[in-house]
Amino acid sequence: MSQVELAQALGTFQTVISAVERGVRGLSLQQAVRLAQALKVSPDDILGKSRQEDGLFKDRRFIRRLQKIEKLSKRQKQALLLTLDNFLKGAGVS
């Protein structure tokens, strides 16, 4: 969803959405609830409360990338996993 589409769904301007994404502006609780509804996620997700006990999914950028990876073909996913495995091996992370 683009910033313009999200702004339209929330009844605000694209510049407001951009400012929120950049951390220049915050959200009221009411705005967070509307945002969660527009994105079809829970308000906890918007407010940064992790559903994972270990905090594995606190980084929203990581989550967005995982969502994009889900759209790849099986072959593309396999190639990406091989690349990640080689990177991690080279970085000394098992």
Expressed as a rounded percentage, what relative contact order does the chain have, with Cα pairs under 8 Å and six or more residues apart? 12
Given 15 as the ceiling on other Cβ atoms within 10 Å, longest exposed-site-free region of the chain for trypsin sites (Lys or Arg not before Pro) in DSSP loops: 72-94
So what J values fall out for the range 26-41 if you push phi through Karplus, 6.51 cos²θ - 1.76 cosθ + 1.60 with θ = phi - 60°, rounded to Hz, Gly and Pro as x? x, 10, 6, 4, 5, 5, 4, 5, 5, 5, 4, 5, 5, 8, 6, 10
For Gln8 and Leu81, compute 0.36 nm times the residue count separating them, minus their Cα-Cα distance, and round to one decimal in nm. 22.6 nm
For the chain, modelled as a Gaussian network with Cα springs under 10 Å, which listed residue fluctuates most, Ser28, Ser42, Ser73? Ser73
Normalised Cα Rg of the range 1-49, dividing by 2.2 N^0.38 Å with N its residue count, works out at 1.03
Specify the residue with the greatest mean-square fluctuation among Gln37, Gln76, Gln14, computed from a Gaussian network of the chain linking alpha-carbon atoms under 10 Å apart. Gln76
D (Stokes-Einstein, µm²/s), Kirkwood Cα radius, the chain, 1.306 mPa s at 10 °C: 101
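Read-outs throughout are calculated quantities, based only on the coordinates presented, and are distinct from any laboratory measurement. Note that the structure is a prediction, hence the values are computed from the model and not measured. FYI the Cβ positions are ideal-geometry reconstructions off the backbone, even for glycines, and counts take in every protein chain you see.
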